[in-house]
Amino acid sequence: ATHRVLCPPAAMLSLASSAPLAFAPVAPVRAPAARAAAPVMETIADLEAMAPKLNPLVGYFNPLGLGEDTMSGPGYSSEGVIGYLRHSEIKHGRIAMAAFVGFIVQSNGIHFPWATSFSGLTYADIAANAAPAAQWGALPTAAKVQ
């Protein structure tokens, strides 16, 4: 005996009425009319005024004169150099954080389970050294050069 499942007419009607909506065109999303403000480029005077507010104990501290006229050459404004140095500091800070995570991972003995090269040297062999600094010495020269 075959069993048939009967759907109530209301369920069939709701399915039939919503199916064409799946392919209906959608109005495009419009961008807001207001534009974002232009980026603010600080000058040395702006940094000197900001420093006591941000760190009252030290104030403005720039012993190397970074961003001042001695660093900006022809074609480079002081504001551009300050922006470049700020971007560079953020980038190198992120690299340092990733390196610290790598150091912690290696210190806890976590390593890849496969070989490092066709010579048969495995990551477990390298991790057998005492600390991450010693693990660097255990790497093949070709791995350090790349």
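Using the 1.4 Å probe convention, the accessible area of segment 58-146 works out to 76 Å² per residue with neighbouring protein chains retained.
When only the Cβ of Lys, Arg, Asp and Glu is charged (+1, +1, -1, -1), the dipole of segment 31-146 relative to its Cα centre reaches about 420 debye.
Taking the 1.4 Å solvent-accessible surface of segment 83-146 as the whole, the part contributed by carbon and sulfur is 66%.
Protection proxy ranking for 51-63, 102-114, using the average of other Cβ atoms within 10 Å per residue and placing the highest first: 102-114, 51-63. Its relative contact order, with pairs defined as Cα atoms under 8 Å and 6+ residues apart, puts segment 29-146 at 15 percent.
The values are calculated or read from the model by the stated rules, or taken from the named source; none is laboratory data. Values in this document were obtained by computation on a predicted structure and should not be read as measured data. When we count neighbours, we look across all protein chains shown, and the Cβ atoms used for this are built from the backbone with ideal geometry, even at glycine. What goes into the accessible areas is simple: the full protein's heavy atoms, side chains included, and nothing from ligands, DNA or RNA. Shrake-Rupley method; radii C 1.70, N 1.55, O 1.52, S 1.80 Å.
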